[in-house]
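Student: Below: one structure in structure tokens.
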Amino acid sequence: MEKTLKIINEVKKQGLIKNYAIGGGIATIFYVESILTYDLGVFYRASEEEEGVTILAPIYNWLKQKGYKLHREHIIIEGIPVQFIPIYNELIKNAVEEAVEVKYEETKTRIFKPEYLIAVMVQTFRPKDRERIIKILDEADINRDYLMKILQKYGLKEKFERFMRLFYE
Amino acid sequence: MSNRDQFKTKIENLFKEKELFHKELAKLSFEEKIKKLVRLQKIAHNIHPSSKKKQMVWKISLKSSI
């Protein structure tokens, strides 16, 4: 995975994206025991000039020039299907901005904080998100005040509390 | 303590141990967890090798054996 992260960092270095952070299943794995997932979700802030549907084109063109192939909605970078997801709302924007820097072997990368990871999952709320919320709450060190502040800010507090009542009461 | 109470205590302890076990796994390094992820992908692949929804097992080099 280190080679993949190096290439993603190179995408940033080339100025194709301004910033990025890993979310989804791989970010979840950083905080909890391993769970089954197949892709590496990279949420990114595009260069200011890029807008609309062509937002992914410069990244994918550059990667294709490097010899990486497309597979469904992913691009396979050094053996790992990577999905680049542009920031699509304020919550994701803040999750990327507030992400923490971590190291995988010798390579630096950025990962959503667990509190943001939960908030994003409360927002998307697919069955797998609900499972992951429970795992993160059970196994990771969560700053509850910080989490509630984020949920309140993005109008997700009631949804989260309903979910908690269903699972823990 | 009655047999029923003893049984209840044993079950409670079992669940506590299970919880602790998962928390210990959560403390593994990121690199170790990725190794375990690839192992999970291989297991899932072997269970449903002909599934139409078959997903790709990561083709990455792992520095030590899983």
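Student: Filter segment A:114-154 down to residues that are more than 14 Å from chain B (Cβ to nearest Cβ) and of a type in the set (Asp, Glu) and give me whichever is surrounded by the fewest Cβ atoms within 10 Å (Cβ to Cβ).
Tutor: Step one: of segment A:114-154, the residues more than 14 Å from chain B (Cβ to nearest Cβ) are A:115-116, A:118-127, A:129-130, A:133, A:143-154.
Narrowing the set further to residues that are of a type in the set (Asp, Glu) leaves A:115, A:129, A:145.
On the way: A:Glu115: 22, A:Asp129: 18, A:Asp145: 9.
So the residue we want is A:Asp145.
Student: Moving to a separate point now. Out of all the residues in segment A:1-17, which are in a helix (DSSP H, G or I) and either of a type in the set (A, V, I, L, M) or within 12 Å of chain B (Cβ to nearest Cβ) (or both)? Show your work before the answer.
Tutor: Our first condition is that a residue be in a helix (DSSP H, G or I); within segment A:1-17, this holds for A:2-13.
Passing the criteria: A:Glu2, A:Lys3, A:Thr4, A:Leu5, A:Ile7, A:Ile8, A:Val11.
Student: If you don't mind, there's one more thing I want to ask. Out of A:Ile92, A:Ile75, A:Ile150, which single residue is of a type in the set (Val, Ile, Thr), farther than 20 Å from A:Phe167 by Cα and not in a helix (DSSP H, G or I)? Please lay out each step first, then the result.
Tutor: Values: A:Ile92 fails: not in a helix (DSSP H, G or I); A:Ile150 fails: not in a helix (DSSP H, G or I).
Matching residue, one of A:Ile92, A:Ile75, A:Ile150: A:Ile75.
Student: Okay, moving on. Do we find that A:Val122 is in contact (Cβ under 8 Å) with a residue 40 or more places away in the chain and either part of a strand (DSSP E or B) or over 24 Å from A:Asp138 (Cβ atoms) (or both) in this structure? Step through it out loud before you land on a result.
Tutor: Values: in contact (Cβ under 8 Å) with a residue 40 or more places away in the chain: yes; either part of a strand (DSSP E or B) or over 24 Å from A:Asp138 (Cβ atoms) (or both): no.
No.
Student: Looking at A:Glu73, is it farther than 27 Å from B:Ile43 by Cβ and either in contact with a Gly (Cβ under 7 Å, 6 or more places away or on another chain) or within 14 Å of chain B (Cβ to nearest Cβ) (or both)? Walk me through how you get there before you give the answer.
Tutor: Values: farther than 27 Å from B:Ile43 by Cβ: no; either in contact with a Gly (Cβ under 7 Å, 6 or more places away or on another chain) or within 14 Å of chain B (Cβ to nearest Cβ) (or both): yes.
No: the conditions fail for A:Glu73.
Student: When you scan segment A:57-69, how many residues do you find that are among the hydrophobic types (A, V, I, L, M, F, W, C) and surrounded by fewer than 17 Cβ atoms within 10 Å (Cβ to Cβ)?
Tutor: At the first step, the residues of segment A:57-69 found to be among the hydrophobic types (A, V, I, L, M, F, W, C) are A:57, A:59, A:62-63.
If we keep only those that are surrounded by fewer than 17 Cβ atoms within 10 Å (Cβ to Cβ) too, we end up with A:57, A:62.
Total satisfying the criteria: 2.
Student: Is it the case, given these coordinates, that A:Ile76 is farther than 29 Å from B:Lys59 by Cβ and of a type in the set (A, V, I, L, M)? Step through it out loud before you land on a result.
Tutor: On the way: farther than 29 Å from B:Lys59 by Cβ: no; of a type in the set (A, V, I, L, M): yes.
So A:Ile76 fails the test.
Student: Read through the list (1) part of a loop (DSSP other than H, G, I, E, B); (2) more than 14 Å from chain B (Cβ to nearest Cβ); (3) at pLDDT below 95, then give the number of the only condition that A:Arg165 fails.
Tutor: (1)
Student: Can you pull out every residue in segment B:18-54 that is modelled with pLDDT of 90 or more and among the acidic types (Asp, Glu)?
Tutor: B:Glu31, B:Glu32
Student: Counting only residues that are at pLDDT below 95 and either at positive phi or within 14 Å of chain B (Cβ to nearest Cβ) (or both), how many does segment A:36-67 have?
Tutor: 5
Student: Taking A:Val102 as the residue in question, decide whether it is closer than 13 Å to A:Ile22 by Cβ and assigned to a helix (DSSP H, G or I). I'd like the intermediate steps shown before the answer.
Tutor: Working: closer than 13 Å to A:Ile22 by Cβ: yes; assigned to a helix (DSSP H, G or I): no.
Taking the combined requirement at face value, the residue does not satisfy it.
Student: When segment A:125-147 is examined, which residues are found to be more than 14 Å from A:Val32 (Cα to Cα) and part of a helix (DSSP H, G or I)? Break it down stepwise before answering.
Tutor: Within segment A:125-147, the subset more than 14 Å from A:Val32 (Cα to Cα) is A:125-128, A:130, A:143-147.
Residues satisfying the conditions are A:Pro127, A:Lys128, A:Arg130, A:Arg144, A:Asp145, A:Tyr146, A:Leu147.
Student: Among A:Glu139, A:Glu101, which is the only one that is on the phi < 0 side of the Ramachandran plot and modelled with pLDDT of 95 or more? Don't jump to the end; show me each part of the working.
Tutor: Working: A:Glu139 fails: modelled with pLDDT of 95 or more.
Answer to the check: A:Glu101.
The values are calculated or read from the model by the stated rules, or taken from the named source; none is laboratory data. In this text the structure is predicted, and so the values were computed from the model without any measurement. Every residue, glycine as well, gets a Cβ built from its backbone with ideal geometry; the counts of neighbours run over all protein chains shown.
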